[in-house]
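Down below is the structure, laid out as structure tokens.
The values are calculated or read from the model by the stated rules, or taken from the named source; none is laboratory data. All values reported here derive from a predicted model rather than from experimental measurement. Note: ideal-geometry Cβ built from the backbone for every residue, glycine included; neighbour counts use all protein chains shown.
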Amino acid sequence: DWTPDSFVETTIAALKEKLGDDKVVLGLSGGVDSSVAAVLLHHAIGKNLHCIFVDNGLLRKDEFESVLESYKHMGLNIKGVNAKQRFYDALNGLSDPEKKRKAIGRVFIEVFDDEAHQVQDVKWLGQGTIYPDVIESISVKGPSATIKSHHNVGGLPDFMKLKVVEPLNTLFKDEVRKVGKALGIDPNILGRHPFPGPGLAIRILGEITPEKVDILQQADAIYINNLKSAGVYDKVWQAGAIYLPVQSVGVMGDERTYENVVCLRAVESLDGMTADWCHLPYDLLAKISNEIINNVKGINRVVYDISSKPPATIEWE
Ligand code: XMP
């Protein structure tokens, strides 16, 4: 019988056997899968697991610092890498969504490869791949597509020559959460909404600038904090704010303003393949809108996305 506890026990024993005294590098994202994979590996091999957490400058407000802190608290051997400027430089002048995705994927691989090189004699790459990722990569994109689709022409980065260890590749998402709970991982990490790898870069329509990131982070934080304090966050599958490249006229005191629009999106879904927009209470939307407009400089209008998937995707880009 499968239970989270028996899975934890047998997996840790199997990892010990498989890895011995070998070193493993693993990229943490702040998400559920990579976090659970890291904690399992940590139980098996301790300090021989070298975790890397990259700040791409496209995370939620204060996310890098707070997530890094909770990883350290769990005892993980982790290095936080501030690579914001490298990502902003690569994104400079790009507005096409796929070009932005490719640039981010490329820089991530460069940064990760640089960091993996600092770990002497590393033999393995740890990944938080779960069963649906395995199926998807075999049926749609070919094996290892998650890395290769981001991959640029030229030689393979050195870390791709490593052997791969994927302790969660037989599990579904709900099982990963149960295993995470059995391992005592912070419920704040286990309960997180999905967040795309390219982060806020695909929630800022068009060109990315650090100023737009800053504005969107502020609006998004107000939105998410209100969902949490209203007890709605855990009922929503995914929520986030989107920075629209649209300016509209407003009045602030006696002044005419001409500023940007933020759109709020919240969806219910089982797997992200289809999704319905959430019927958030009007008074909650009103509170969030007021708070954003009164506190976030550069935003004078807030709208709510009432489109379901299909045809509207969850992300706008
Ligand atoms: P869409 O927008 O296609 O999103 O309805 C479905 C789910 O996938 C996430 N998503 C991404 N995740 N890299 C990721 O790691 C991406 O480029 C990406 N694009 C979309 C999205 O947040 C949603 O959970």
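Within the stretch 163-176, at least one residue is within 15 Å of the ligand (Cβ to nearest atom) and either modelled with pLDDT under 95 or acidic (D, E) (or both).
Within this structure, L59 passes the test of being under 17 Å from G197 (Cβ atoms) and not in a helix (DSSP H, G or I).
Find the helices (runs of 4 or more DSSP H) located wholly in the stretch 161-259 whose residues include 1 or more that are outside the structural domain of P132 (by TED's automatic domain parsing) and in contact with a strand residue (DSSP E or B) (Cβ under 7 Å, 6 or more places away or on another chain), and list them.
Because the criterion is at least 1 residues that are outside the structural domain of P132 (by TED's automatic domain parsing) and in contact with a strand residue (DSSP E or B) (Cβ under 7 Å, 6 or more places away or on another chain), the helices (runs of 4 or more DSSP H) in the stretch 161-259 that meet it are 210-229.
Quick grid of which residues meet (1) in a loop (DSSP other than H, G, I, E, B); (2) aliphatic (A, V, I, L, M); (3) within 19 Å of the chain's Cα centre (by Cα):
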residue: D1; (1), (2), (3): yes, no, no
residue: V25; (1), (2), (3): no, yes, yes
residue: A38; (1), (2), (3): no, yes, yes
residue: K47; (1), (2), (3): no, no, no
residue: C51; (1), (2), (3): no, no, yes
residue: S66; (1), (2), (3): no, no, yes
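Against the conditions (1) part of a strand (DSSP E or B); (2) away from the ligand (no atom under 16 Å from the Cβ); (3) not basic (K, R), A286 satisfies every one except (1). Residues that are assigned to a strand (DSSP E or B), more than 16 Å from the ligand (Cβ to nearest atom) and either of a type in the set (D, E) or in contact with a helix residue (DSSP H, G or I) (Cβ under 9 Å, 6 or more places away or on another chain) (or both) do occur in the stretch 262-274.
For every residue, the table says whether it meets (1) free of Cβ contacts under 8 Å to residues at least 24 places away in the same chain; (2) touching a strand residue (DSSP E or B) at 6+ places or on another chain (Cβ under 8 Å); (3) of a type outside the set (V, I, T); (4) surrounded by fewer than 17 Cβ atoms within 10 Å (Cβ to Cβ).
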{"site": "P4", "(1), (2), (3), (4)": "no, no, yes, no"}
{"site": "T10", "(1), (2), (3), (4)": "yes, no, no, yes"}
{"site": "L15", "(1), (2), (3), (4)": "no, yes, yes, no"}
{"site": "K23", "(1), (2), (3), (4)": "no, yes, yes, no"}
{"site": "L40", "(1), (2), (3), (4)": "no, no, yes, no"}
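Scan the stretch 252-266 residue by residue and report those that are exposed (fewer than 13 other Cβ atoms within 10 Å of the Cβ), at pLDDT 95 or above and among the hydrophobic types (A, V, I, L, M, F, W, C). None - no residue of the stretch 252-266 is exposed (fewer than 13 other Cβ atoms within 10 Å of the Cβ), at pLDDT 95 or above and among the hydrophobic types (A, V, I, L, M, F, W, C), so the list stays empty.
I'd like the full set of residues that are assigned to a helix (DSSP H, G or I) and over 22 Å from E317 (Cα atoms), limited to the stretch 102-125. Give the derivation first.
First pass over the stretch 102-125, keeping only residues assigned to a helix (DSSP H, G or I): 102-117.
Of everything in the stretch 102-125, those that are assigned to a helix (DSSP H, G or I) and over 22 Å from E317 (Cα atoms) turn out to be E110, V111, F112, D113, D114, E115, A116, H117.
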